[in-house]
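Pasting in a structure now, in structure tokens, and then I'll have a few things to ask.
No value in this document is a laboratory result; all are computed from the given coordinates. Every value quoted in this text rests on a predicted model; they were computed, and no experiment measured them. Methodologically, a virtual Cβ is constructed for each residue, glycine included, from the backbone with ideal geometry; neighbour enumeration extends over all protein chains shown.
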């Protein structure tokens, strides 16, 4: 992995701690804004008179389509221009649109605000990864990616716990407006802490057309397996988070507050540990010269899949939540590890592009179709007079987790050593 040419570009000491802390906060807020409709789904459904299929569209297709279409150009802008400005602009947009969602009076208006949130969030992670690639020393980038990724489980924990409590007390509209206000505060903090990023030298910022550069990377032997794994996990993770709370509320009679506290805290704790171990695991495998760079997350996903299937038919809510734990941990472990390997294959000046391609693969078909399929299966099972209808729909999650594990292990065989990864293109 080649570093930027001027060592003085790297930050250290308190500046590095402040940068990583700010990026983790932004990542957490992004996740809060993304998953709040999951824990608020039952309240939104009752207030606006929506079906499970419409909830699936709100939490899936309405977000995924816009997110995916804009991720690549925003990543290109972050790689070739100022990742700081891209990140700040995206943060401002998604926070404003989250707040506007609290004023929506219909399915269409709420869907439009979700398009707006997706517009902003499409560039957030690629720009954050580009900042890490330019400002953090190579030997610490796995840890930096882990800390940045740690914002996702932290955001999930806060979103589920606080969002669930607010749904039970002040209502779903206030929850969305409050989340948007939190983003505005983070914008002011990030403006002060994140310093401007020098442009890459021309030799590193290759001037090939965007689509040609993306196609060249996406078809590289070492990257294709990662794309397949990302595609599969989109069908596992998004339906899992979109419908786990409604499943526990509807099937086991838990309140939104109870689900938010128990499920959210477990997801947050396991996610934090998983993200940190994923980042450090990538650093360790890179230094050790091991041939299989990304095996551990793949094996864990294979183990977690049947346990998740059992959780969907457990007789008690607490048992379902406990059986969900391996999947929560596996998702978090995979994230920084996979991005670290993707950046290694992509090389300097293409880290945001690599992130964007991974997000497109995980964020297009899975989020667009997965929650809708769960909703359609649930609605069909309910019409047939069946019970545990969401449990039946959520069987998509263990199936997709199994496929993700297999694809990850296959990718690990193609990227067998750092030197081969650097030569993957």
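So what is the relative contact order for the chain, in percent, with contacts set as C-alpha pairs under 8 Å and at least six apart?
Relative contact order for the chain comes out at 27 percent.
Need one word for the range 270-385: rounded, prolate or oblate. Basis is the Cα gyration tensor (sqrt eigenvalues a ≥ b ≥ c); a/c below 1.5 gives rounded, then a/b vs b/c decides.
oblate
Given R₀ = 56 Å, FRET efficiency for residue 288-residue 255 by Cβ-Cβ distance, to 0.05?
0.75
Packing-wise, with mean Cβ within 10 Å as the measure, how do 122-129, 171-178 rank, highest first?
The most tightly packed comes first, giving 122-129, 171-178.
Where in the range 266-288 does the amide nitrogen come within less than 19 Å of the point 7 Å from the Cα of residue 137, taken along Cα to Cβ?
Output list for this probe position: 279-288.
Checking the a/c ratio against 1.5 first, then a/b against b/c, what shape does the Cα gyration tensor give for the chain?
prolate
Before anything else, pin down the relative contact order of the range 1-131: Cα pairs under 8 Å, at least 6 apart, normalised by residue count, whole percent.
Here the relative contact order equals 31 percent.
Give the angle, between 0 and 90 degrees and rounded to the nearest 10, that separates the Cα long axis of helix 172-193 from the longest principal axis of the Cα atoms of the chain.
10 degrees
Also, quick follow-up: Based on the alpha-carbon gyration tensor of the range 82-174 and its eigenvalue square roots a ≥ b ≥ c, which shape applies: rounded if a/c is under 1.5, prolate if not and a/b is larger than b/c, or oblate?
It is oblate, given that a/c is not under 1.5 and a/b is not larger than b/c.
I need the peptides 253-261, 227-235 ranked by packing, meaning the mean over residues of other C-beta atoms within 10 angstrom, with the highest value on top.
Top of the packing list down: 227-235, 253-261.
Only helical DSSP H runs with n ≥ 4 go in: add -39500 (n - 2.57) per run for the chain, normalise by residue count and round the 222 nm mean residue ellipticity to 500 deg cm²/dmol.
Theoretical 222 nm ellipticity from helices: -26500 deg cm²/dmol.
With just the Cα atoms defining each centre, how far is the range 279-358 from the range 165-187? Give it in Å.
30 Å
Simple spin-label model, 7 Å along Cα-to-Cβ: residue 15 to residue 310 in nm?
It is 5.2 nm.
Taking the highest mean first, how do the peptides 188-197, 268-277, 139-148, 16-25 order by number of other beta carbon atoms within 10 angstrom per residue?
139-148, 268-277, 16-25, 188-197
Compute the relative contact order of the range 223-363 as a whole-number percentage, counting only Cα pairs closer than 8 Å that sit 6 or more residues apart in sequence.
In percent, rounded to a whole number, it is 37.
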